[in-house]
Amino acid sequence: MENKKYPRIGIGVMIQNKKGEVLLGLRQGAHAAGEWSCPGGHLEFGETIFETAKREVKEETDLDVEEFKLISVSDDLRYISTDGVHYVTIGVKAVYKGGNPKLMEPDKCERWRWFSLNNLPEKILEGTEMIIKNYKKGRVYH
């Protein structure tokens with residue numbers, strides 16, 4: 001039997017504050033360390049996309065979010081040669097009512113920071129990059 005690899009499904013959650021800035025975390029530890037990304041994680045078996053979005057945001061930032069909307073789907077192939085991973089990333093926009101993001105998983109994320117959509121950091125996780133690009137262009141898939 002051949003040892004076939006399959007893509008993983010990641011959920012990225014775009015959260016904006018009242019100024020329209022987007023919340024990004026600086027990744028550390030494993031995959032794509034040193035790159036900024038939206039809160040998010042793997043879709044778990046038996047869980048919906050929006051359930052994953054809500055759970056991951058709470059686990060990573062301690063923020064409560066609601067009013068989910070599907071805004072992006074992308075094929076993330078950038079890391080196949082470096083990390084041996086292929087992701088399909090589903091981007092979700094969520095509304096949050098305030099509060100400060102907390103660093104809940106310091107082994108995975110160095111810090112959280114709000115960025116203007118017109119002044120983003122240079123190194124961004126491919127899935128997050130596509131979520132923001134698709135959102136700004138008003139399209140779901142590219």
- Message: Under 5 Å between amide hydrogens, which residues at least 5 positions from Q16 or on another chain qualify, with H placed 1.01 Å from N in the peptide plane?
- Response: A94, Y96
- Quick calc, the chain, dipole around Cα centre from Cβ unit charges on Lys, Arg (+) and Asp, Glu (-), nearest 20 debye, gives 540
- Which whole-Hz ³J(HN,Hα) couplings does segment 22-33 yield from phi under the Karplus relation 6.51 cos²θ - 1.76 cosθ + 1.60, θ = phi - 60°, glycine and proline marked x? 9, 8, 10, x, 8, 6, 8, x, 10, 3, 6, 4
- Among A53, A32, M14 the positive-end extreme of the charge dipole of segment 1-61 (Cβ point charges): M14
- Message: Restricting to DSSP H runs of at least four residues, report the calculated mean residue ellipticity at 222 nm for the chain, -39500 (n - 2.57) per run over all residues, nearest 500 deg cm²/dmol.
- Response: -6000 deg cm²/dmol
- Query: Considering amide H positions built from the backbone, and no H for Pro or chain starts, which residues 5 or more places from E35, or on another chain, come under 5 Å of its amide H?
  - Reply: R27
- Query: Sorted by average packing, counted as other Cβ atoms within 10 angstrom per residue and highest first, what order do 114-123, 57-66, 17-26, 127-136 take?
  - Reply: 127-136, 57-66, 17-26, 114-123
- Query: How far is it, in nm, from the label point at E44 to the one at L117 when both lie 7 Å from their Cα along the line to the Cβ?
  - Reply: 3.1
- Quick one: helix 126-137 against the long Cα principal axis of the chain, what's the angle to the nearest 10°, folded into 0 to 90? 50
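Throughout, read-outs are computed from the coordinates displayed, never taken from laboratory work. What you see is a predicted model, and the numbers here were worked out from it, not measured in a lab. So basically every Cβ, Gly included, is an ideal-geometry build from the backbone, and we count neighbours across all protein chains shown.
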